[in-house]
Amino acid sequence: MKNSVKRAAAALLAAAALCGAVFVHSLGVRPALPEGTGQSYLYGEFHYSEAVQAWEFELWSECYHQRGMRHLFLELPYYMAEWLNLWMQAEGDELLDEYIQELVEMRQVSNSPMPAEAHELDRALFKRIKEDCPETVFHGTDVGHLYWNEKLGEPYLKHLEDAGQTDSEQYRLAKENMEQGEYFCGNVPGEDFTYREQKLAENFIRERDKLGNADIMGIYGGAHVEPGRIVDWYGADGTEPNMASRLLERYGEDVHCEDLAGSVPPLGTGVITLAGKDYTAQQFGKIYIPTPSGDCYMEYWRLEDAYEDFQFATPTYKFLYVDQYFPMAVEEGQIFVVDQAWKGTVERSYYRCTGLTGKDGLRADGFLVE
C-alpha cells in the first residue's frame, strides 16, 4: 500500500486544513541553499494521506514564496500535468472537474475505486495551489500508466489539435507518454515496474534539464525517492536502481531527498478515552486505499504519555509494518489508535511500538483495551 522510504479528522478536515490551516513546521531551521543553482528537492509521500497532502502544500508554499520556485514535479503522466497547467490559466474549474472525473472513471474501469473524499482531497490541494501559488507550473514525469482509459490523454491531444499544434513538442511528448504507458501495462504480466522506474528518471531528466539553474520541488511515492533503493516492489526483480538513485548519479549533490513521514505534523489534537482515562491524541487523519468496494480508509491518532499504561496489555498478535501503513513518524514507546473502514464497517484497533522489527522493518503490535 505504501511506497516506503526510511522516513478527529474526517475527509472535510483535510479540505479545511488545505484551505487555511497554519502549520508550525521545520523548514525554518533547515539550512538554506542558494536559490537558482539547479537544486532539486524531492519529497517521498504516502499517497492519499490527509496529513501528508496538507504538509505538502505547506512545503510548496514555502518553496514558492520564500525560495522563488515555480516548477513542481509530480508523479503524474506528462499529459495530466499539462492539463492541470491549462486549468491554472483558466477562469473557472471546468478543466479541474474533468481531470477529477477522469480519475474517478479510470479507477472504476480498473476495479480499484477510491472513496469520493480521496478525490476531493486532490481537488482541495490543487485549488489551494492555484489560489496561493498562481504561477506554479506542473511537470508530470511518470509513464502514462493509466492508458487503458484513453480519455485521460485524448482531451489534451484534442486541445493541441484544435490549436493547430500537432507538430509541437507537447503533442509529441503526450503521444510518447501514452505509448510508455501502453508498454508498461502490456510488456509483462502485472505491469513492468522496472521499465516504469527507468522512464520516471528519464522523463524527470528531460523536464529538469529544460529549466537550467531553476530550483525545483518534486513529490513522488516514497520508494521512488529513497536514495540507494532498488526496484523491488510488485514483483520486480530487484536488480535496477530506483529513480532517486539514477538522479543522484546524474546530478550528485544537487538532488536532496526527504521522506515526509519523518516531518509531517498532526492535523490537530483531541482527546481519546481508553480504559477510563483521557489521553491527548494527535490527529493524523485518513489515508484512502483503492479497493473494489471503493470505501476503504485508515485513520490515525497518536496518544501522548500512554505507553506505560499499555505496554503490558494483552496482545492481539496482529501487527502493522510502520513503513507500509503509517504516514507519520513512529518511534519505540508510542501508542496508536487506528480506525479501518471497509465494506461499510469501521473497526478500531490499538497498537504499540515496542521496537520489534520483522522482515519489512519496524512494526507496531496490536493490543487489547480492557
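The values are calculated or read from the model by the stated rules, or taken from the named source; none is laboratory data. Note that this is a predicted model, so its numbers are computed, not measured. Ideal geometry is used to build each Cβ from the backbone, glycine not excepted, and the neighbour counts take in all protein chains shown. Note: areas computed on protein heavy atoms with side chains; ligands, DNA, RNA excluded. Shrake-Rupley method; radii C 1.70, N 1.55, O 1.52, S 1.80 Å.
The figures follow:
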read-out	value
Cut-off under 5 Å, modelled amide H: who pairs with Met69 long-range	Tyr64
Gln39 long-range amide H proximity, modeled H, under 5 Å	Asp215, Ile216
Phi-based couplings in Hz for region 254-268 (Karplus 6.51, -1.76, 1.60; Gly and Pro marked x)	7, 10, 10, 10, 8, 7, 5, 4, x, 10, 5, x, x, 6, x
DSSP bridge orientation in the chain - percent antiparallel, rounded to nearest 5	70
Lys/Arg +1, Asp/Glu -1 at C-beta; region 55-104 dipole; positive extreme among Gly92, Ser61, Ala81	Ser61
Cβ charges +1 (Lys, Arg) and -1 (Asp, Glu), total dipole of the chain, debye	620
Point-to-point label distance, Lys359-Ala90, nm (Cα→Cβ direction, 7 Å offset)	4.7
Residue-normalised accessible area of the chain, expressed per residue, 1.4 Å probe, Å²	45
Accessible carbon and sulfur surface of the chain relative to its total accessible area, %, 1.4 Å	48
Viscosity 1.567 mPa s, temperature 4 °C, Stokes-Einstein D of the chain from Kirkwood C-alpha radius, µm²/s	60
Full-stretch length increase - Arg206, Gln108 - with 0.36 nm per residue and alpha-carbon distance subtracted	32.1 nm
FRET E, pair Glu370, Glu304, Förster distance 22 Å, beta-carbon r, rounded to 0.05	0.55
Pairwise label distance in nanometres, Thr273 with Ser293, each label 7 Å out on the Cα-Cβ vector	2.9
Linear extension gain, Thr280 paired with Thr166, 0.36 nm per residue minus alpha-carbon span	35.2 nm
Under 5 Å, built H, 5+ apart or other chain: amide partners of Thr141	Leu74, Leu76
Karplus-derived 3J(HN,Hα), 6.51/-1.76/1.60, for each residue of region 87-99, Hz, glycine and proline x	5, 4, 8, 8, 6, x, 10, 4, 5, 5, 4, 5, 4
Protection-proxy order for peptides 330-339, 274-283, each taking the mean of Cβ atoms within 10 Å per residue, highest first	330-339, 274-283
Charge dipole (debye, nearest 20) of region 251-351; +1 at Cβ of Lys and Arg, -1 at Cβ of Asp and Glu	600
